Structure formats: structure tokens, C-alpha cells
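Here's the structure we're looking at; comments come further down.
The values are calculated or read from the model by the stated rules, or taken from the named source; none is laboratory data. This one's a predicted model, so the numbers in the text were calculated from it and none came from an experiment. Cβ coordinates were reconstructed from backbone atoms using ideal geometry, including for glycine residues, and neighbour counts include every protein chain displayed. The protein model used for the area step is the full one, side chains on, heavy atoms only, and it has no ligands, DNA or RNA in it. Shrake-Rupley method; radii C 1.70, N 1.55, O 1.52, S 1.80 Å.
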Amino acid sequence: AWYVPCLASHETLQELCRKENLTCKSIGITNRSLKSYEVEYLCDYKVEEGKAYYLVKWKGWPESSNTWEPRKHLNCPLLIQNFLRDKNEYLSRGRGGKAMKLRNHVKTLKPAIADYVVKKAKQRIALQRWKEELNRKKNHKAMILVENTVDLEGPPLDFYYINEYKPAPGINVLNGITTGCECADCPAEKCCPKEAGFILAYNKRKKLKIQPGLPIYECNSYCRCGPDCPNRIVQKGTPYSLCIFRTNNGRGWGVKTLQKIKTNSFVMEYVGEVITSEEAERRGQFYDNQGNTYLFDLDYDSDEFTVDAARYGNVSHFVNHSCDPNLQVFNVFIDNLDLRLPRIALFSTRTIKAGEELTFDYQMKGSIDLSSDSAEGLSPSKKSIRTVCKCGAMCCRGYLN
């Protein structure tokens, strides 16, 4: 027997089961729960004979089963609160941000308002499911939150969370390690960085002490030292809880930290598909036409490979560009000493406050500079579509590329 993944949610499958009067224990539909009712969200509001009624979407039931219920029958204060907040938000937008509430004599909602609160409810559910999915798949202890208070955009449809590089066929990202250090207490004379000809990248407080451009050599899976080794930082994953949020100035999604981050601290890795530079060139032309790119050149020693985080990536996929960033890129070698295939780590350049957006300079990637001067000599087919920068920094260059 063989299986394929199901693309339908549990709620959709539950709706189908109830519609056909079928039971399925694996998705929570038993003979006992087949006729159970739980409020999923509220769709509409009306007043009849002085009584307030809400149109209820029942969890696991199709929309055709929605019913009007009096307020006293509903034991879902949070959903009612969400409904009222979404309704007032829609009304305030129509008045330039000024708060506005329904008057007492209004007995029904306008269709546009009802449509908006339903879309917000569905978005809230979708973002909650996405948050749960991200936290199931991550391999670090810190939490990932999701937030959109700006528009009706839901989770990206073609993005898959991964924790490490996803190599294209024929590319080996685990190569070159056959031995590790014998240190009983790292760092010692023969520790991994010194064996590679470099100094230890971290100080006693596990903060970065080397300058940008120098590589980081961490202890690997063959090393004698344990997980508490001070030379194991990047490999443990991000230690900070982060929030993927919707920006309010047209930059799409962004990432902010929920905790204070000290200077020279490891924040996250940049991961994605590892592809050849030739494939990156082909994809880059398509991305340029869309006005965005997630291509990161692995050009520490050569330019043979590129990381593409467009479809496969982690939280770093959502980190925006800034001409005055608070993150810096470093090349890291752990279980692969192939200089063509470093891991990419982002470290803080200064203290970052809780709630502050995380950014790095996309031009750190080593991609070609297509400023107005350098683009003049290129043929029309080689000229890239220029993307306007919206970082808002005092030193903003005006364009992302």
C-alpha cells in the first residue's frame, strides 16, 4: 500500500463526515461527537424583538448548517469579543481611524461588515493553524508567533518550513568531517577553529568576538565535547522567541523579536534549497519579474552554489532588508568543511529591544550591484527590474538591488 498526504484540514474532513453521517475516530468524529456543536466563529448579528442574535458557524459543520442563536445561548466570550472588535475595526477604517460603534437602533449589519468579520475570523483561524504548524516543525525551544493586524492576508500558500539546508540532487551539504576535537574543555590547543587556522569565534559569554568576513568553525558531531561546549552556538538553533508579523508599509511579512537581544548574539540561520549558480540564474530572472528574491549566494570561497529560500526556509525567509540593519551575516562550518557550502548565520550588530523588527542588508549576499551607474553598460535583457527600498533608514540607498 502507498499513501499521499491529505491537503484538507481536520475541520474540512469533519464537515464532510458530518454531511455524509460518517464516523472517523482519527479525526475526532465518533458516534458520540457526530452531533456535537462547538462555536467556530460568529458570522453576523441582528436584533429581533429587542433580543440580540448571532449567526454561528459551528466547528466541523458546513456553512449550510449555520444557525442564528440568541446571545444567552453562547458561551464563547472570546469569540464575541473578536467579533465586536473586527466589526468596530471595519467601521473605524471607514472613518479614517476614528472609533465608531453601531447605534442601538441598528438591527442588522451591512453585508460588507458581515463579510469582513467572517474573513477576519477565517484569517485568525488560518494564522493560528500556521503558528501551530511552525512550532511543530521547528527544532529549537524558542516559540514562533504569527500576527497580522494590518490586512486580510493569510499564511503563504507555497512555503514549507525546514530547519536545515535542502540540497538539490547531486549536492552534498554534509561532507568533509571525519574527526573532531579531543578537548575535554573547549577551547584547547587542538580545538576545531585552531585546526582550521582561525581563532575561536565566541567569548566566554558565548557572544561573537570576530570581525565580519571571518569564518566560524564550531565543534562537530565527531568532537569529544558535549552539548554545553561554548563552541556550539549556531547548531543549537535560535534561542529567542520570534514573531512573524504583517508590516504596515507594504513590505509584506517581517520578523520581530519578542525578547531583548544583546550585541553580537546569534539570532537565526538562513536556510533554504541549495542549488547551483546556474539554476539560481534561471530562477532569479523569474523572481526579478515578481519584484522579490530569496536567493543568497554562497560566495565565501567560490560562487558555485546559492541558497533559495523562496519555497523552503525557516523564519529567516520573512526577515526584511534594511540599509541600516541590526543583523550581520557570517559563514559557519560545522559538519561540513567544504568551503563552497558554508552555513549562513545572522548575528546581532547591536542591542535589539523586545518588539523591534529584525533586518539584514540583502547586499551582503554578494549579488551583483545593479545601481543606476553599474546597470548602464548592461543589455536590456540583463537589466534587472529595480525594487524600491522601503526600509526607512536615514542612509537608505533607495533600491534593494
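Could you please let me know if residue 121 is surrounded by fewer than 14 Cβ atoms within 10 Å (Cβ to Cβ) and more than 30 Å from residue 261 (Cα to Cα)? It is false that residue 121 is surrounded by fewer than 14 Cβ atoms within 10 Å (Cβ to Cβ) and more than 30 Å from residue 261 (Cα to Cα). Evaluation of residue 309 against the conditions (1) touching a strand residue (DSSP E or B) at 6+ places or on another chain (Cβ under 8 Å); (2) open to solvent by less than 50 Å² (accessible area, probe 1.4 Å); (3) farther than 30 Å from residue 259 by Cβ; (4) without any contact (Cβ under 8 Å) to a residue 40 or more places away in the chain shows that the sole unmet condition is (3).
The C-beta contact set for the range 152-164 (first residue in contact (Cβ under 8 Å) with a residue 60 or more places away in the chain and within 14 Å of residue 294 (Cα to Cα), second residue in a loop (DSSP other than H, G, I, E, B) and charged (D, E, K, R), distance under 6 angstrom, 6+ apart or interchain) comprises 158/311.
In the range 23-30, is there at least one residue being farther than 18 Å from residue 124 by Cα, β-branched (Val, Ile, Thr), touching a residue at least 60 places away in the same chain (Cβ under 8 Å) and open to solvent by less than 60 Å² (accessible area, probe 1.4 Å)?
No - not one qualifying residue is present in the range 23-30.
Which of the residues that make up the range 128-173 are of a type in the set (Ser, Thr, Tyr) and either open to solvent by 40 Å² or more (accessible area, probe 1.4 Å) or out of contact with any strand residue (DSSP E or B) (no Cβ under 9 Å at 6 or more places or on another chain) (or both)? If the condition is that a residue be of a type in the set (Ser, Thr, Tyr) and either open to solvent by 40 Å² or more (accessible area, probe 1.4 Å) or out of contact with any strand residue (DSSP E or B) (no Cβ under 9 Å at 6 or more places or on another chain) (or both), then 149, 160 are the ones that fit.
The single residue among 322, 371 that is open to solvent by less than 40 Å² (accessible area, probe 1.4 Å), modelled with pLDDT under 95 and farther than 30 Å from residue 145 by Cα turns out to be 371. One residue stands out in the range 209-219 among those that are in contact with a helix residue (DSSP H, G or I) (Cβ under 8 Å, 6 or more places away or on another chain) and more than 17 Å from residue 185 (Cβ to Cβ): the one that is surrounded by the fewest Cβ atoms within 10 Å (Cβ to Cβ), namely 217. Which one is modelled with the lowest pLDDT among residues in the range 1-38 that are assigned to a loop (DSSP other than H, G, I, E, B) and among the β-branched types (Val, Ile, Thr)? Checking each candidate, the answer is 4. Among residues of the range 325-346 being touching a residue at least 60 places away in the same chain (Cβ under 8 Å) and among the charged types (D, E, K, R), the one that is least open to solvent (accessible area, probe 1.4 Å) is 338.
Check whether at least one residue in the range 39-50 is hydrophobic (A, V, I, L, M, F, W, C), under 29 Å from the mean Cα position of the chain (by Cα), in a helix (DSSP H, G or I) and modelled with pLDDT of 95 or more, and report yes or no. No: zero hits.
Of the residues making up the range 185-208, those that are under 20 Å from residue 268 (Cβ atoms), open to solvent by less than 20 Å² (accessible area, probe 1.4 Å) and in contact with a Pro (Cβ under 8 Å, 6 or more places away or on another chain) are 201, 202. The set of residues in the range 223-237 being open to solvent by less than 40 Å² (accessible area, probe 1.4 Å) and either free of Cβ contacts under 8 Å to residues at least 40 places away in the same chain or under 17 Å from residue 177 (Cβ atoms) (or both) consists of 223, 225, 226, 229, 231, 232, 233, 234.
Checking the condition of a type outside the set (Lys, Arg), in a loop (DSSP other than H, G, I, E, B), assigned by the TED database to the domain that holds residue 259 and at pLDDT 95 or above, which residue from 182, 164 passes? Matching residue, one of 182, 164: 164.
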